[in-house]
Amino acid sequence: MAQAIRKVAPAYSPAERAAWLGDPGETDARAERIAEQAVWVAEATDAGPVGFMTVTDEGEVDFAYILADCQGRGLFPRLIDALERKVRSRRLVQLRTFASLMADGPFARVGFEPVHDDPVERGEVVLRRSLMVRQLREAAEGQGE
């Protein structure tokens with residue numbers, strides 16, 4: 001995650017990237033958050049884990065990171081497809097995420113639509129991001145709702 005933020009976030013200033021990464025003490029809090037979610041890991045046969053994505057029980061894509069060197073290989077849509085199957089099994093009808101400036105493009109390419117800007121404060125720094133949603137209408141229609 002840290003490598004993705006440091007290497008592929010040119011839309012953010014160094015101060016914004018540092019705020020995004022947080023203090024070392026935040027690592028435990030992130031680990032706890034991740035442990036409470038469904039997690040998918042993308043692996044490369046020659047490199048091991050190269051990315052991961054998480055989704056909450058309510059259908060929020062919370063973490064979505066792919067190493068810089070592995071972006072553009074179709075991993076993002078494959079991870080989204082995998083977690084969508086999980087969300088559909090819960091009979092949810094939408095996925096949502098708070099997408100960073102670097103992630104809004106990949107999310108849009110897999111059918112997420114922007115709802116509104118949703119900046120978040122980290123200490124004295126404001127990180128720009130957007131709430132995005134992807135409707136899963138077929139899930140509801142296919143289940144007689």
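The values are calculated or read from the model by the stated rules, or taken from the named source; none is laboratory data. Not measured: the values here are computed from a predicted model. Cβ coordinates were reconstructed from backbone atoms using ideal geometry, including for glycine residues, and neighbour counts include every protein chain displayed.
Miscellaneous remarks
- The set of residues in region 52-65 that are assigned to a strand (DSSP E or B) and either touching an Asp or Glu at 6+ places or on another chain (Cβ under 6 Å) or at positive phi (or both) contains only 54.
- Index of the failed condition, residue 51 passing every other in (1) over 26 Å from residue 12 (Cα atoms); (2) in contact with a Phe, Trp or Tyr (Cβ under 8 Å, 6 or more places away or on another chain): (1)
- Conditions (1) among the β-branched types (Val, Ile, Thr); (2) in contact with an Asp or Glu (Cβ under 8 Å, 6 or more places away or on another chain); (3) under 25 Å from residue 17 (Cβ atoms); number of the one not met by residue 133: (3)
- Subset of region 33-44 that is assigned to a helix (DSSP H, G or I) and either within 14 Å of residue 103 (Cβ to Cβ) or touching a residue at least 12 places away in the same chain (Cβ under 8 Å) (or both) - its residue that is nearest to the chain's Cα centre (by Cα): 34
- Listed by first and then second residue, the pairs with beta-carbon distance under 8 Å, at least 6 apart or on different chains, first residue in region 45-72 and touching a residue at least 24 places away in the same chain (Cβ under 8 Å) and closer than 19 Å to residue 110 by Cα, second of a type in the set (Lys, Arg) and buried (at least 18 other Cβ atoms within 10 Å of the Cβ), are 59/96; 60/96; 61/96.
- Matching residues in region 19-32 - criterion: being of a type in the set (A, V, I, L, M, F, W, C) and either touching a residue at least 12 places away in the same chain (Cβ under 8 Å) or closer than 24 Å to residue 85 by Cα (or both): 19, 20, 21, 31
- Screening residue 30 with (1) surrounded by fewer than 17 Cβ atoms within 10 Å (Cβ to Cβ); (2) basic (Lys, Arg); (3) in a helix (DSSP H, G or I); (4) touching an Asp or Glu at 6+ places or on another chain (Cβ under 9 Å) gives one miss only, at (4).
- Scanning region 96-135 for residues that are in contact with a Phe, Trp or Tyr (Cβ under 6 Å, 6 or more places away or on another chain), basic (Lys, Arg) and either farther than 14 Å from residue 62 by Cα or in contact (Cβ under 8 Å) with a residue 40 or more places away in the chain (or both) turns up just one, 134.
- Selection within region 119-136 - touching a strand residue (DSSP E or B) at 6+ places or on another chain (Cβ under 8 Å) and part of a loop (DSSP other than H, G, I, E, B): 119, 128, 136
- For the residues 73, 85, 91, the requirement of being exposed (fewer than 12 other Cβ atoms within 10 Å of the Cβ), of a type in the set (Lys, Arg), at pLDDT below 90 and not in a helix (DSSP H, G or I) singles out 91.
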